[in-house]
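Nothing in this text is a laboratory measurement; each read-out follows from the coordinates by a stated rule. Here the structure is a predicted model, which means the values were calculated and not measured. Because the Cβ atoms are built from the backbone with ideal geometry, glycine has one as well, and the counts that use them run over all protein chains shown.
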Amino acid sequence: MAVDPALLEILVCPLCKTPVHVVHDGAGLKCDTCRRVYPVKDDIPVMLVDEASVED
Amino acid sequence: MSLPSPVSRTGEYAVRGDYHRDLAADWEFAPTYVAKMAGVRRYLSALGAGTRVLDAGCGEGVLVDEFRDRLAIEGIDPNYEGERVRRGSLTALPFPDASFQRALCLDVLEHLSFDDQPRALSELHRVLTPGGELYVTVPNLAHLQSRVHFLLMGRLIRTANLAKHPGDRPIGEYLDLARRAGFELVERRGIFPTVPIITRAIRRHPARLIGLHRWLTRLLPIPGWCFLNVMRFRRA
């Protein structure tokens, strides 16, 4: 099961507050403003700036 | 149905496990924790069904588990990750503005550095709706026993060591911080006025003297003298 859709609806990037969307088949949540991808580990999004990777 | 997600813990949770969920009666802070949680449960039970609540620094997510059927409650913690707890920082909350009607911040602010405390409060202000409420509990560096110790020995008794509570402050300073972040105090009460000698006995025998702890709070409900303060703020 992927991230809870109700949660996904309200999650934003902790840095720029832009809504995030699912990437890499549910393995990450991406912010289109700063291009950070927050990892999803065992269906749990890790919304920490330090844990995110910046992708193009 | 998904399988329960594995749990990942850091900080104190890595050392002590789910110590809020599996409460030890002989934990020296257990009587204060029990009294605090009774108040929080009363507060949450009185909210309308479906109220949007954020438990910021929720630890294991005890309240999230308990109230998720009735409230739209979200839990976030920098040191915990579980089925219903996301890992996130209070100084950069992953939620849009005005997402919650109520926010809880229970024994969290003292764990943040002096620099991070105003950041966390302004983030809580941001994610609350105008007129929303913030429910804070925080230990008071200048509780009665600590004040007496200061008079006699020249220093206050820290509520925990510096590594655990880097942001330890007398309660009046927390009130100032909240006011500066745009919160208005609605209600404040204290738990456990730390009368010297009796306090030492209660800390030594928490399970046996929990009744005395309750009686002290009823007898001397002076928040500034209490170890723990419970405060309800309105977001202006």
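Selection among B:34, A:12, B:131 by position relative to the dipole of the protein assembly as shown gives B:34 as farthest towards the positive end (Cβ unit charges, Cα centre). The charge dipole of the protein assembly as shown, taken about its Cα centre with unit charges on the Cβ atoms of Lys, Arg (+1), Asp and Glu (-1) only, comes to about 1540 debye.
For region B:157-173, the Karplus equation 6.51 cos²θ - 1.76 cosθ + 1.60, evaluated at θ = phi - 60°, returns couplings of 8, 4, 6, 6, 5, 4, 5, 7, 10, x, x, 3, 9, x, 4, x, 6 Hz by residue, with Gly and Pro reported as x. Give the angle, between 0 and 90 degrees and rounded to the nearest 10, that separates the Cα long axis of helix B:210-219 from the longest principal axis of the Cα atoms of chain B. The two axes meet at around 80 degrees. If you fit an axis through the alpha-carbon atoms of helix B:116-127 and take the longest principal axis of the Cα set of chain B, what angle between them do you get, 0 to 90°, nearest 10? Here the helix axis deviates by roughly 40 degrees. Taken about its Cα centre, region A:5-54 carries a charge dipole of roughly 220 debye when the Cβ of each Lys and Arg holds +1 and the Cβ of each Asp and Glu holds -1. Per-peptide packing, taken as the mean over residues of other Cβ atoms within 10 Å, places B:220-232, B:179-191 in the sequence B:220-232, B:179-191 from highest down.
Going by average Cβ density within 10 Å per residue, which order do the peptides B:122-134, B:141-153 take, highest to lowest?
Final packing ranking: B:122-134, B:141-153.
If you count, for every residue in A:7-19, the Cβ atoms of partner chains within 10 Å of its Cβ, what is the mean?
Taking all residues of A:7-19 together, the mean is 4.
Shielding by partners for peptide B:89-99, expressed as the average number of C-beta atoms from other protein chains within 10 Å of each residue's C-beta, is 5.
Based on DSSP H segments of at least four residues, each scored -39500 (n - 2.57), chain B has a per-residue ellipticity at 222 nm of -9500 deg cm²/dmol. Remark: mean inter-chain Cβ contacts per residue of A:39-47 equal 6, using a 10 Å Cβ-Cβ cutoff to other protein chain atoms. Of the GluC sites (Glu not before Pro) found in chain A, those in coil by DSSP whose Cβ has at most 15 other Cβ atoms within 10 Å are A:55.
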